[in-house]
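The values are calculated or read from the model by the stated rules, or taken from the named source; none is laboratory data. Fair warning: this is a prediction, and the values are worked out from it, not measured in the lab. All Cβ positions, glycine included, derive from the backbone under ideal geometry; neighbour counts span all protein chains shown.
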Amino acid sequence: MTFDLKKDGKRIVVICIASLIMAVNTKTFVRTGGLYPGGVMGMTILIQAIFENFLGIEIPFTLVNLLLNTLPIYIGFRFIGKKFTLYSCLMIVLNSVLTDIIPANVITYDTLLISIFGGMISGFAISLCLMMNATTGGTDFLAIYLSEKKGVDSWNLVLGVNAVIICLAGFLFGWDKALYSIIYQYASTQVLQILYKRYQKQTLFIVTNRPKDVCKAINEVSGHGATILEGEGSYEHCERDIVYSVVSREECKTVIHSVKEADASAFVNALRTEELSGRFYQRPNE
C-alpha cells in the first residue's frame, strides 16, 4: 500500500467529517426519536437499549459497535481491499468514539421530521464515505461485497435485512418507533442511491461513423469493452455503426465526454440497466 499525501489526505479529512456528521446525527435525531436505524449501528443501539431497560446496565456505544463490526471488517480485508478497509476502520472507530463523547442536542421532538431528516443526513454521511472509497462499516461491507460478486445494486436488499432488525426492536420496545425507523432507513437508502452510483449501470447506444475510435475512447477512460453493430439510417438510408457498451453510472458522463471528443457528431443514448449477467469490469478497491 502506498500513501499519496494529496489524495489520501483528502480522504482522511472527508472521512473525519463524515464520522462527525454521523455521530451528531445519532445524538441529535436517532437518540431523540428513539429510533433503531438498522444495520450494525441499529443493532448496537438495540443492544444498548436491551441492557439498559432489562438489566439496568449502561454499556458504551464504542464497545458494542466495534465488536459487531469484527466480521464485516474481516470480509473487507479478505474480499474487498485492505486500504479500503483501513479507511473504513478509521470511520468506524472515530464515529463510535464521537457518539460516546458528543453531548445530546435536541432540535425537534417531532418523530416524523426526525425520521425523514435524520435518514437523509445518514444517507449523506454514508455517501461521503463511499465516495472516498471507504464505508461506515457493518452492512455497507456486505452490500459492497454482494455488489462486486453478483454485479447487482444490493442496497435495497440491505434495506430488507435492516427491516428484520427493526422488527425485533418493535417487538421489544414498541411498533411506533419501529415503523418510524423504517422511514428513517428508507430515506437514508434513497439519498444513498441518488448520490452514490458506482454499482448502478448505464447502457450506451452510440451511433457513429468512427466506431473503432469510440470503442478506444470508452476503454481508455473506463476499462470497459464495447460491441460494434451494423445499422442503417432510416432518413438517409446509409450505413451507420452502433457501438454498444455498459458502464457504471459513476463513469457515464466521463465516458460520454470522451466519446464526443472521439466523434463530435456521435449520437448517444444512455439507458439505465436494471440487471446485468456476465463479465463486467469493476475497478478494484484498494
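Would you mind finding the one in GLN193, GLN200 that is surrounded by fewer than 20 Cβ atoms within 10 Å (Cβ to Cβ), within 30 Å of LEU168 (Cβ to Cβ) and modelled with pLDDT under 90?
Unique residue meeting the criteria: GLN193.
In segment 61-74, is there at least one residue being under 18 Å from the mean Cα position of the chain (by Cα), in a helix (DSSP H, G or I), at pLDDT below 95 and of a type outside the set (D, E, K, R)?
Yes, some residue in segment 61-74 is under 18 Å from the mean Cα position of the chain (by Cα), in a helix (DSSP H, G or I), at pLDDT below 95 and of a type outside the set (D, E, K, R).
Could you check, for segment 44-67, whether at least one of its residues is under 19 Å from ILE144 (Cβ atoms), of a type in the set (Val, Ile, Thr) and in contact (Cβ under 8 Å) with a residue 40 or more places away in the chain?
Looking through segment 44-67, none of the residues is under 19 Å from ILE144 (Cβ atoms), of a type in the set (Val, Ile, Thr) and in contact (Cβ under 8 Å) with a residue 40 or more places away in the chain.
Take the residues in segment 237-259 that are surrounded by fewer than 16 Cβ atoms within 10 Å (Cβ to Cβ) and out of contact with any strand residue (DSSP E or B) (no Cβ under 8 Å at 6 or more places or on another chain), then tell me which one is farthest from GLN193 (Cα to Cα).
HIS237
Which numbered condition in (1) surrounded by fewer than 19 Cβ atoms within 10 Å (Cβ to Cβ); (2) modelled with pLDDT of 85 or more; (3) of a type outside the set (Phe, Trp, Tyr); (4) in the same structural domain as CYS252 (by TED's automatic domain parsing) is the only one that GLY231 fails?
Single failed check for GLY231: (2).
Please go through (1) outside the structural domain of SER258 (by TED's automatic domain parsing); (2) surrounded by fewer than 19 Cβ atoms within 10 Å (Cβ to Cβ); (3) touching a residue at least 12 places away in the same chain (Cβ under 8 Å) for LYS216 and return the number of the only condition it doesn't satisfy.
With (1) outside the structural domain of SER258 (by TED's automatic domain parsing); (2) surrounded by fewer than 19 Cβ atoms within 10 Å (Cβ to Cβ); (3) touching a residue at least 12 places away in the same chain (Cβ under 8 Å) applied to LYS216, the lone miss is (1).
Which residue is surrounded by the most Cβ atoms within 10 Å (Cβ to Cβ), if the candidates are limited to segment 130-143 and must be of a type outside the set (Phe, Trp, Tyr), touching a residue at least 60 places away in the same chain (Cβ under 8 Å) and closer than 19 Å to LEU66 by Cα?
ALA134
Among the residues of segment 95-108, is there at least one that is outside any helix (DSSP H, G or I) and either modelled with pLDDT of 95 or more or buried (at least 18 other Cβ atoms within 10 Å of the Cβ) (or both)?
First pass over segment 95-108, keeping only residues outside any helix (DSSP H, G or I): 102-108.
Going one step further and asking which of them are either modelled with pLDDT of 95 or more or buried (at least 18 other Cβ atoms within 10 Å of the Cβ) (or both), we end up with none.
Within segment 95-108, not a single residue is outside any helix (DSSP H, G or I) and either modelled with pLDDT of 95 or more or buried (at least 18 other Cβ atoms within 10 Å of the Cβ) (or both).
Looking at segment 14-38, which of its residues are aromatic (Phe, Trp, Tyr) and either part of a helix (DSSP H, G or I) or at pLDDT 90 or above (or both)?
PHE29 - this is the single residue of segment 14-38 that is aromatic (Phe, Trp, Tyr) and either part of a helix (DSSP H, G or I) or at pLDDT 90 or above (or both).
Yes or no: VAL14 touching a residue at least 60 places away in the same chain (Cβ under 8 Å) and under 19 Å from the mean Cα position of the chain (by Cα)?
In short, yes.
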